[in-house]
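Take a look at the structure below.
Just so you know, all these numbers are worked out from the coordinates, no wet-lab data involved. It should be emphasised that the depicted structure is a prediction, and the values quoted were computed from it without experimental measurement. Please note: Cβ atoms are built from the backbone with ideal geometry, for glycine as well, and neighbour counts cover all protein chains shown.
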Amino acid sequence: MMRCRLPSLLLLAPLMATGAALLHTGPAAAEDTGVCSLVTREEAGELLGAKVVKTTKKMSAANGAQECTYKTKKAQKEFKDRNLKISLELTVQPVTDELRSRLQNIPFDDGSRVQEIGDEAYVTKFDQVIAISGGIAVAAKLQNYRGASSKFRSVSDGAVKAALPRLGQLTPPTSA
């Protein structure tokens, strides 16, 4: 009888350890307050028109920016040879004098001010949407896509609009 129990206990111990590890990491993942929590993978996938298979985070010590890139496996014909997949970049950072200066240098003759997003919002000539809410700036842009600028704009708008109401759950970025 001991002989039968020992192998089953040897199999059970790693399973219990794995289960305990999953229980330990489960709540931390659910409580994620990073930049990637501002737009869900599903929301990003809907905006991009393809399933998001990976997210990556970057942080800048220089200006306190946090960036999340939502990556798909989908590549347009023009970008396949360079293995560039369609993705969405979402950046959150404190509003600094440098950022304020860059925003003021966006030409206004092309309709770069966007209404009804955040306290103030802008769109660059490359269809990156930047919105300011309080002292935080949220920017979004579609990457590795060639096509109508309306697609760039709708993806960027959608990501910023999804992120803004969730800024309160974000651990605030700080400038260095």
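Taking the Cβ of residue 56 as the center, what net charge do the other residues with Cβ under 13 Å away carry, scoring Lys and Arg +1 and Asp and Glu -1?
Summing Lys and Arg as +1 and Asp and Glu as -1 gives +4.
Rounded to the nearest Hz, the phi-derived 3J(HN,Hα) couplings of the stretch 126-141 under the Karplus curve 6.51 cos²θ - 1.76 cosθ + 1.60 (θ = phi - 60°) are 9, 6, 7, 9, 10, 10, 10, 9, x, x, 10, 10, 10, 10, 9, 8, where x marks glycine and proline.
Annotation for the stretch 76-169: GluC sites (Glu not before Pro) lying in DSSP loop with at most 12 further Cβ atoms inside 10 Å of their Cβ are 116.
Backbone amide hydrogens, once placed in the peptide plane, bring residue 76 within less than 5 Å of 86, excluding anything fewer than 5 places away on its chain. Evaluated with a Cβ-only charge set (Lys, Arg +1; Asp, Glu -1), the stretch 30-104 carries a dipole of roughly 520 debye about its Cα centre, given to the nearest 20.
Cross-link partners of residue 161 among lysines, defined as those whose alpha carbon lies under 16 angstrom from its own and excluding same-chain residues fewer than eight positions apart: 141, 151.
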